[in-house]
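Here is the structure we will look at.
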Amino acid sequence: MQKAEVIRTRSHSSCIVRQAPPGIWMNDHMSPTKLGFGILWPACWTGLPFKLALAVLFLAFGIVDFETRIALAFMMLLASPVSVFALPTITMGLGSHIGDGAGIGLLFMLAIPIDIWALGLAGRTFLLERCRREPPARLGLILWWKCAFVGAIFLPILWVTERATTDVAISIAHSLFEDGFLEGTPIAERISIELTLWGTVATVVLSCLFVIGLSLVGRMLRGTIQAAPHTSENYEGLITRWDLMRVPADPGLMLTVLSGVAVVLSLLFWSTLPVLTPHPHECCRKAETKAPPEFKALETLNKDEKMISQLAARVEFLIEQQAAAELEKAKSKKKGRADHEAVIEPDATEPVPAAVMAP
Amino acid sequence: MQPQLKSKVRCADREVGEVAKVIMDPLSFEVSAFVVSMNGAGERQVPMGVVQTVTDNLVQLRSSSSEVMALPPFKREDYVTLHEVEIPGLEKHVHVTPGEVLVPFPELERNVKRRTFFANLTYVTGLFIGLPMVFPVLKYLMKPMYAPMDNRWLKIGNVAKVKANDVGVQFQYKRSIKEAYMPETEIEKNAWVVKATPAVLEKVYQGKDMEFRDTLGKPIWTNKKDIPYLAFSGKCPHLGCAFKWRNHKILGPVFLCPCHLSIYDASGKVLDGPAPRPLDLMPIQVSASGEVQIIDMEFKAGTKSQTRIV
Amino acid sequence: MHDTPSTGPQPTVVEKVFAFVDERVGLKQLTGKMLNESVPGGSRWAYVFGSILLFIFGMQTVTGVLLMFYYVPTADHAYASTQYIIHEVDYGWFLLSYHFWGSSAMVVCVFAHMSQVFLWGAYKKPRELIWVVGLALFALVMGFGFTGYLLPWDQRAFWATTVGVEIMDKIPVIGDFLARFLKGGPIPGQMTLSRFFVIHVMVLPAALIGLAGLHLFLFRCAGPAGPFRGTPVELKAKTDYFFPRQIWKDIVGMAVVFACISALAFWEPVVLLDEATPDPGDYHPEPEWYFLFIFQHLRLRMFSGEFGQFLASMLLPGLLGVMLLLLPFFDRNPERNIFKRPLALIGWVVLTVSILLFTVSAIINREFLD
């Protein structure tokens, strides 16, 4: 029942089928797009849970803020094998950004080892199952730098092209309604029709660019794939192999390490999660509560004592002044009666304490 | 061994047929009888009592074929199959079919290490989901449990009301409460003020000023031992009832709690009754014009040591 | 669960306990039947959406119960208690925001799950009943979103509900009765809040648990449909059991969704508008985002007028619902490969794109309202 087919390798075929059992959905020569997609799609999703855990942690720390660009940020993070080196170009060169915060750079840097591992896993699975070849050593690293290279060049081009096309499409759609032949349509209909028009154009252009990008990635990776030697293991064996590849050599250690990581991440999360909402509503903003000034007993007592002695001295002085004044009055009356009596100025009592002068 | 379906049945003299059906007793879970299909001559129900031996493919009976033929014919309508009725635990005891029915064991599942690893990995992943939630949820639920205390000074009246020494005088006051999102309300409370003579003061303070501290240990206020006015919380330390100042037949004028008859003297000391500790004092200030101010406090009822709760 | 027989000399404590329970309950057979369900073609990431929905429902229940520790469903304190949760209770803002975004996640995942089932042709014989029960579950999820939205009792909640219930009033014959039943009277007020609260925390959860159980039971009776292409050799080679691989994939999916919802809770925590008042003022009522596409239809000229409004808001969606309900009964073609069912593929694409289009249109339309 088995047909042995030997197909001549062509320069752009990436997989050779030797003994294809009938009916297996296999590929004689896989298109570069299928190749690119077949490796990138599983690799991106494999890495995502780890990247997401980091993203949530950074959000809790407050070192990253995505604002309105969260969907774009998610896509960029998902596609980090290709976007990691394109991001600086897009951010700085083209003036777009996916969010604020030092955490973004850190997030993508930490995504690199995750992506290398994910690409290695997805690549090995792909090679074993779809191409029936032996995966070479360091497959992850090789695949990663190739993807990153293609992404660094192609993604900015995609970005610019898509933006330009969308802008043109929007303005054409707008003008149709401003002074074109669709002038006068009511608002709701106008919005939907405009959206359909430029949305279709933008989607089609994006899809084409996407396919082109995948094809480029596939072409880049083809060399590595073709260089891998064939394996003669049967289908069942290959499936079992890549399935068991996912079981680590020391499961106990891996699980302990993962549990430890879960504990550490949880502790970090607990310590940084804001207790009260970071976006308080107008009604309930917390008033700045100043701590009541510390009550220093001794100092206050000393101060009070000083003040009391000052006041006491002042009172004495005032009393004496008043006495002196009254004496003056009595004397002036006497003066009125006795003309030439020398008035003996009363002594000016005690000298005025200097402290009384200062209130 | 139970007679196997389709195995041959042989009497003392000759073979008579094969086992067509097996009948189980639902109470003892044992085979009580079986039905022989007699090669075209109908079916007979044979009790297990006449069975001599049972092997994989043969049931040997003690009786003769004519005795078996003489048995009444089998009445199918007197019985139901196991699919039509629920008899718990019976299935486990049915072993009447020789051999086994098998399905292939998937190649991928044969590796125990893989299976165990993924099972445990599932639990660890669950840890990543569950563990981060534990602390925030606990703190969320605990929010109102240890709310900070209100240490405002409340004006409760004037000492002019206190006419005599060592006599309890009740002062009634209102305290405003704001609970979570509820609007502010006022609750009515009462405290007992005593103008104490030095002897009574000595009993209360025992030579030391009384310091009040907050939950963090910072001092809020100190009741000086020479200030003659005492303010007792209106709640009995036994179980929180409101007590009164009464004339006791034997003990004289005392604080008396009507709930469980705890009796305290003017210094708050327990004279009789189930009270675990003396009356609770509150911080008190009396101004020059005689205005009495207190910090309203409540303490845990029924304990020997004094723990502030409000 | 280590239900493989022990090969070591001494059984562990776990194994002894297991054997004890097994003797009385038939645990080994039970766990075997529940866990060792073979998935033809192997466990797949595409199958995780059902379990993810169960997880989201679980999280919504947990966060919902926690919210009920502080929320009160009275018109005078609903708003204040919700603000209390957001501004005073430790981490209350996070739990409320998680609950809020979880409800959006649930709608998205319901759509993803329904799409996956539709595209894989897993509604066809013998799985028609699972599909029907699933549609009922979908309606319940929408009901959850609608009733829960009112509870904070701010302007957005109050007016979105008012508009929504008024739309229901337009149904001929039973509309007025239905609207009065939901409002608890002629106009919305305390009675409305009480009814919506009971429906949201008791009636719908009970119904959902019951129907979800039925849904799972029916699914087990029929077995997983598996991939729509692949030779018997391929399928056999890749077959594995529900436990542990599919369960593990399910839980990773749950973890990813958990992370996404948490991230959303950080990015945009719940902020209430002013407390509900009888006069909408400057506020333009709007329903939750997953109802926006119907809402936008109501703005089109072709649906103006009483009948037009009824047509766009109730009749057409209702007809769509009936079509979906009858789908497995008039689509008898056993072909399950989506690429060989062009009508199905085009239909799905058109529906998804139009929903998306009208949702985005509604958002753009906000700028033109003043």
**Study point:** chain C: angle of helix C:316-330 to the longest principal axis, Cα-based, in degrees nearest 10
**Key:** 20 degrees
Exercise for review: List the relative contact order of segment B:29-92 as a percent without decimals, with contacts defined as Cα pairs under 8 Å and 6+ residues apart.
Suggested key: 26 percent
Exercise for review: Using label points projected 7 Å from each Cα along Cα→Cβ, tell me how many nm separate C:LYS28 and C:PHE69, to one decimal.
Suggested key: 4.4 nm
Revision key, fill the gap. Longest principal axis of chain C (C-alpha) makes with the long axis of helix C:247-267 (C-alpha) an angle, in degrees to the nearest 10, of 30 degrees
Point to revise | Rounded FRET efficiency, nearest 0.05, which uses the C-beta distance separating C:LEU325 from C:VAL203 and R0 of 22 Å | key: 0.50
Practice item. Compute the long axis of helix B:112-142 from its Cα atoms, compare it with the longest principal axis of the Cα atoms of chain B, and write down the angle in degrees, 0 to 90, nearest 10. Key: 20 degrees
Practice item. Using a Förster distance of 30 angstrom, determine the FRET efficiency expected from the C-beta separation of A:SER96 and C:THR352, and round it to 0.05. Key: 0.65
Review point. Taking the Cα centre of the protein assembly as shown as the origin and placing charges on Cβ (Lys, Arg +1; Asp, Glu -1), which of B:LEU108, C:PHE310, C:LEU343 is farthest toward the positive end of the dipole?
Key: B:LEU108
Practice item. First measure r as the distance between the Cβ atoms of A:PHE149 and C:GLU268, then evaluate 1/(1 + (r/R0)^6) with R0 = 45 Å and state the FRET efficiency to the nearest 0.05. Key: 0.80
Point to revise | Whole-angstrom gap from segment B:127-181 to segment C:171-203, using each part's C-alpha centre | key: 40 Å
**Study point:** Alpha carbon centroid spacing (whole Å) that separates segment A:178-255 from segment B:12-55
**Key:** 69 Å
Revision key, fill the gap. With +1 at each Lys and Arg Cβ and -1 at each Asp and Glu Cβ, the charge dipole magnitude of segment B:155-310 around its Cα centre, to the nearest 20 debye, comes out at 220 debye
Exercise for review: Sum up the charges of everything whose Cβ sits under 13 Å from the Cβ of C:ARG220, counting Lys and Arg as +1 and Asp and Glu as -1, but leave C:ARG220 out.
Suggested key: +1
Review point. If the label point is 7 Å along Cα→Cβ of B:ASN151, which residues in segment B:268-310 have backbone nitrogen under 15 Å from it?
Key: B:282-285, B:294-298, B:308-310
Check your understanding: Within a Cβ distance under 12 Å of A:LEU216, other residues only, what is the Lys/Arg minus Asp/Glu net charge?
Key -> +3
Revision key, fill the gap. In the neighbourhood of A:ILE170 defined by beta carbon distances under 15 Å, the net charge of the other residues (Lys, Arg +1; Asp, Glu -1) is -3
Check your understanding: What percent does the relative contact order of segment A:122-277 come to when contacts are Cα pairs within less than 8 Å and at least six residues apart?
Key -> 36 percent
Review point. For chain B, what relative contact order do you get, as a whole percent, if you take Cα pairs closer than 8 Å and at least 6 residues apart?
Key: 11 percent
Study note, to complete from the structure: Under the rule rounded for a/c under 1.5, else prolate if a/b exceeds b/c, else oblate, using alpha carbon gyration tensor axes a ≥ b ≥ c, the protein assembly as shown is classed as prolate
Exercise for review: Could you give the size of the charge dipole of segment A:87-143 about its Cα centre, using +1 on the Cβ of each K and R and -1 on the Cβ of each D and E, expressed in debye and rounded to the nearest 20?
Suggested key: 340 debye
Exercise for review: In nm, give the distance between the simple-model label positions of A:ASP179 and A:ILE70, each being 7 Å from the Cα along the Cα-to-Cβ direction.
Suggested key: 4.2 nm
Review point. If we count other beta carbons within 10 Å of each Cβ, what is the order of B:CYS241, B:CYS236, fewest first?
Key: B:CYS241, B:CYS236
Review point. Per residue of A:42-53, how many C-beta atoms from partner chains lie within 10 Å of its own C-beta, taken as a mean?
Key: 3
Check your understanding: Where is the GNM fluctuation largest for chain B (alpha-carbon springs, 10 angstrom cutoff): B:ALA164, B:ALA180, B:ALA33?
Key -> B:ALA33
Point to revise | Charge dipole (debye, nearest 20) of the protein assembly as shown; +1 at Cβ of Lys and Arg, -1 at Cβ of Asp and Glu | key: 2260 debye
Practice item. Sort out for me the Cα centre separation of segment C:324-370 from segment A:55-71, rounded to whole Å. Key: 33 Å
Check your understanding: Over all distinct Cα pairs, what is the inverse of the mean 1/r for segment B:109-174, reported as the Kirkwood hydrodynamic radius in Å?
Key -> 18.8 Å
Practice item. Subtract the Cα-Cα distance of A:ILE212 and A:GLN310 from 0.36 nm times their separation in residues, and report this length gain in nm to one decimal. Key: 26.0 nm
Exercise for review: First check a/c for chain B, with a ≥ b ≥ c the square roots of the eigenvalues of its C-alpha gyration tensor; if it is under 1.5, answer rounded, and if not, answer prolate when a/b is larger than b/c or oblate otherwise.
Suggested key: prolate
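Read the figures in this text as sums done on the coordinates, not as results from a lab. What you see is a predicted model, and the numbers here were worked out from it, not measured in a lab. For neighbour counting, all protein chains shown are included, and Cβ atoms are generated from backbone atoms with ideal geometry for every residue, glycine included.
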